[in-house]
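See below for the structure under consideration.
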Amino acid sequence: MLNQKPSGTTESTDAPSEPAKTTWMPREEWVKTQPQALIASCVVLLDQQGRMLMLRYAPGQPSAGSWWLPGGMLDHGEDPLTAACREMHEETGIEMSSVPRLIGVDHRVNVGGTGPVLDCFFHGGTVADGLLSIRLSPEHDQHAFLGLDELNDTPLAEHVRTLEALHTAATTGTVVCLREGQPLGPDGSPL
């Protein structure tokens with residue numbers, strides 16, 4: 001019988017008196033055994049009243065008619081922070097003046113049959129009233145700054161709890177870990 005060790009090695013457990021035999025798996029083979037996941041980045045941008053910038057997906061888009069944060073999948077070779085800035089600009093025309101701060105990570109097991117996705121959420125800051133001009137991409141047909149009290153009556157692409165947890169993280173300077181959009185406590189259990 002062989003046991004897999006975390007380093008990609010194996011050891012024999014057949015006879016306690018036998019010395020352990022170790023074999024190494026070449027890195028290029030070991031990498032193929034590791035989980036594959038897509039990575040996305042989204043931005044929480046607040047206005048002076050603490051409302052979040054939300055975008056509505058246009059007809060013909062996946063999740064058409066539902067609202068979510070600006071963001072999307074990483075391009076090949078792109079890091080999550082760069083993707084957040086790029087997606088914000090592509091979807092809204094907004095060039096963020098400060099470096100967004102990571103406020104959360106969500107692990108979703110299977111998104112639309114594509115497999116696991118890790119969503120990285122960034123706080124893009126707070127914008128002054130009336131100083132923001134938004135130019136939507138063809139992917140979206142409306143934008144709005146929505147308060148937490150408006151979310152339950154808004155068709156969302158994902159969970160209200162996700163947005164509530166991200167809003168708290170953005171406004172308190174904390175970071176939230178999520179699983180399937182649900183915030184996790186210090187012990188890893190859903191809150």
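Per-structure values
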quantity: Helix-derived mean residue ellipticity, 222 nm - over the chain, DSSP H n ≥ 4, -39500 (n - 2.57), to 500; calculated: -5000 deg cm²/dmol
quantity: Rough spin-label spacing in nm, given labels placed 7 Å along Cα→Cβ, for Thr172 and Leu102; calculated: 2.0
quantity: Within-14-Å neighbourhood charge of Met96 [Cβ basis; K, R +1; D, E -1]; calculated: -2
quantity: Local net charge near Gly130, Cβ-Cβ under 15 Å (Lys/Arg +1, Asp/Glu -1); calculated: -1
quantity: For the chain: accessible area per residue (Å², 1.4 Å); calculated: 57
quantity: Point-to-point label distance, Ser63-Glu78, nm (Cα→Cβ direction, 7 Å offset); calculated: 1.6
quantity: Hydrodynamic radius by Kirkwood, which averages 1/r over all alpha carbon pairs of the range 103-168, in angstrom; calculated: 14.4
quantity: Descending semi-axes in whole angstrom, ellipsoid equivalent of the range 67-177, from the Cα gyration tensor; calculated: 20, 18, 16
quantity: Magnitude of the charge dipole, the chain, Cβ model with Lys/Arg +1 and Asp/Glu -1, debye to 20; calculated: 260
quantity: Computed over the chain: relative contact order in percent, which uses C-alpha pairs under 8 Å that are six or more apart; calculated: 23
quantity: Paramagnetic reach from Asp141 in the range 42-67 [backbone N under 18 Å; point 7 Å along Cα→Cβ]; calculated: 54-67
quantity: The chain - share of DSSP beta bridges that are antiparallel (%, nearest 5); calculated: 65
quantity: Cα-based radius of gyration of the chain once divided by 2.2 N^0.38 Å, which approximates compact folds; calculated: 1.31
quantity: GNM flexibility winner over the chain from Gly115, Gly60, Gly104 (Cα, springs under 10 Å); calculated: Gly60
quantity: Surface share of carbon and sulfur [accessible, 1.4 angstrom probe, percent] for the range 55-117; calculated: 57
quantity: Hz values of 3J(HN,Hα) by residue in the range 42-57 - Karplus curve (6.51, -1.76, 1.60), Gly and Pro given as x; calculated: 10, 10, 9, 10, 9, 9, 4, 8, x, 7, 9, 6, 10, 10, 9, 5
quantity: Selection of trypsin sites (Lys or Arg not before Pro), the range 46-153, meeting DSSP coil and at most 14 other Cβ within 10 Å; calculated: Arg135
quantity: Pairwise FRET efficiency - Asp129 versus Gln36, Cβ, R0 = 45 Å, nearest 0.05; calculated: 0.55
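The values are calculated or read from the model by the stated rules, or taken from the named source; none is laboratory data. Here the structure is a predicted model, which means the values were calculated and not measured. Ideal geometry is used to build each Cβ from the backbone, glycine not excepted, and the neighbour counts take in all protein chains shown. Quick note on the areas: whole protein, heavy atoms, side chains included, nothing else; ligands and nucleic acids left out. Shrake-Rupley method; radii C 1.70, N 1.55, O 1.52, S 1.80 Å.
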